[in-house]
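As structure tokens, the structure follows; a few thoughts come after it.
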Amino acid sequence: MRWDNLADNTTSALFGADSVTTRTFDTPEFRGITFHEVRARSIVNRVPGASRMPFEWTVNPYRGCTHACVYCFARKTHSYLDLDTGLGFDSQIVVKINAPELLRRRLASPGWQGAHIAMGTNVDCYQRAEGRYRLMPGIIGALRDHANPFSILTKGTLILRDLDVLRQATDVTEVGVCVSVGFTDRELWRTVEPGTPSPERRLDVVRTLTGHGIGCGVLMAPVVPFLGDHPDQLRATVRAIAASGATSVTPLVLHLRPGAREWFMAWLGREHPHLVRRYERLYAEGAYAPKWYQRRITRHVHELATEFGIGPAQRGTPRRIPVPDRPDAPDAPAHTGPGGTQLSLL
């Protein structure tokens, strides 16, 4: 293991006055990966008002992601740190080592009203680095102790490590868990999501969570035009999702924001050059595929979901955390807080 201190003023200014520690681990699972350990100034982030997301607050303990998905929309965020949005996004991982303590402090502050917090909506909070840094148990523990509603979206299997604390959280607040599985085509998986667990392993996560009483939906994302949208591929994916016991399935067509678009199109030119012109036409108007294409995919997936006995994700209903009559009541949680509405990640 090599240790160094970064003297990068830009990075230090973003995350705090303390120096940033850079580590390179020589173990096989982290070969070629550099971790920048920082003490962040804050951890609860407000989602921009123009966002399409149905939630207002997020927590992201990592920046950059070893999943190395060629289409990842979060690639652009690495440029804010003057880091490369291509290979650098896949291999230069920023770790906010003080994330659990920062979150606990924020949840306890007088101004916090117990709003829903979404995780995994930028980069995966259960990417491989989490196996070493173990930030999520402390984060979920803080949310549990304050009965604060939250949701997690992941492609990782490490979430099963935290099954106990997740179950404890579901006893006191609304918890939404969603696993991302856009396709079950193994060849497509190996080329566009090379650092992720296989789709089969992710569906095993869904199966395990639901088996332990934690409802888990599937975000069928991304549906990749011309590579993963054939009717037979969609049918096979929805069938596998249904067999996993998922509570819902919601399709999301590939979108190509700046940063991700350049990286994906370069990959497409190398691997599938005959599709470049088709993509240029399909995404000629911007980051999103045309509405007619999105509607066609959504309609088809919903028809398949109905056939296999599952449906699209629905918003949760408000749930109030009961406040016991006596503070020493035997069934009282350690901390009580305002109730919340489970918001869909989708």
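Descriptive notes on the structure:
- Dipole in debye (nearest 20) - the range 105-260, about Cα centre, beta carbon charges: Lys, Arg +1; Asp, Glu -1: 300
- Gyration tensor verdict on the range 65-185 (Cα atoms; rounded if a/c is under 1.5, prolate if a/b is larger than b/c, oblate otherwise): prolate
- The spacing between the range 103-161 and the range 20-39, judged by their C-alpha centroids, is 22 Å.
- For the range 19-138, the fraction of 1.4 Å probe accessible surface lying on carbon and sulfur atoms is 51 percent.
The values are calculated or read from the model by the stated rules, or taken from the named source; none is laboratory data. A quick note: this is a predicted structure, and the numbers were derived from the prediction, not measured. No Cβ is skipped: glycine too gets one built from the backbone with ideal geometry, and neighbour counts run over all protein chains shown. Accessible surface is based on the protein model in full, side chains and every heavy atom, while ligands, DNA and RNA are left aside. Shrake-Rupley method; radii C 1.70, N 1.55, O 1.52, S 1.80 Å.
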